[in-house]
Amino acid sequence: MKILYIHGLNGSLTPEKREILERYGNVEAPSIDYENSPDSILWLHDQYKDAKFDLVMGSSMGGFAGYHLSKLLQLPALVFNPALAERSVPQNLPATPETNNDHISIVLGSKDTVVNPKDTLHFLGDLLMQEQDYKISIRHDLEHRIPLDVFEEEVVRFMGGL
């Protein structure tokens, strides 16, 4: 299995989280400078459209990019606290299909003060007429940062549902 992991703003995939993902396959985690690249999603698509990934994952700004990239690449996705409704750094959205013909699993922390979970749910509510399948998990023990145990639990759940 090939996994494309997209980090958040000024972030990276930690070695501990990479180790969890590598239990399931090969992991590609490109470095992205969102602040100087407003076309990050298009860049990611151009870089990886022929790479034959099996799924996309991401967190925060990487969850935003992963959400849209999963539709462009037609792959299932697991995204944590995705910055879908608004972002602190402007990003251009390429024309994106309404569905990835699979599901997108979204993990939201109810205590997140960086990416407002209510805004994310409102964003998704506006898309209810689209045929995208979602699995939404609202975690009351979660803020914006994803602790290792929560990451592992959600990855195991997601992989079990593929």
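The values are calculated or read from the model by the stated rules, or taken from the named source; none is laboratory data. These numbers were taken from a predicted model, which means no experiment stands behind them. Positions of Cβ are generated from backbone atoms using ideal geometry, with glycine treated the same way; all protein chains shown enter the neighbour counts. SASA here: full protein model, heavy atoms, side chains in, ligands and nucleic acids out. Shrake-Rupley method; radii C 1.70, N 1.55, O 1.52, S 1.80 Å.
Observations, loosely collected:
- Residue check, residue 78 surrounded by fewer than 15 Cβ atoms within 10 Å (Cβ to Cβ) and under 16 Å from residue 21 (Cβ atoms): no
- Qualifying residue in region 126-140 (condition: within 16 Å of residue 58 (Cβ to Cβ) and out of contact with any helix residue (DSSP H, G or I) (no Cβ under 9 Å at 6 or more places or on another chain)): no
- Subset of region 30-54 [touching a Gly at 6+ places or on another chain (Cβ under 9 Å) and farther than 22 Å from residue 90 by Cβ]: 54
- Among the residues of this structure, residue 56 does not count as one that is farther than 15 Å from residue 3 by Cβ, open to solvent by less than 30 Å² (accessible area, probe 1.4 Å) and β-branched (Val, Ile, Thr).
- Identity of the residue in region 137-147, out of contact with any Ser or Thr (no Cβ under 8 Å at 6 or more places or on another chain) and exposed (fewer than 13 other Cβ atoms within 10 Å of the Cβ), that ends up farthest from residue 77 (Cα to Cα): 141
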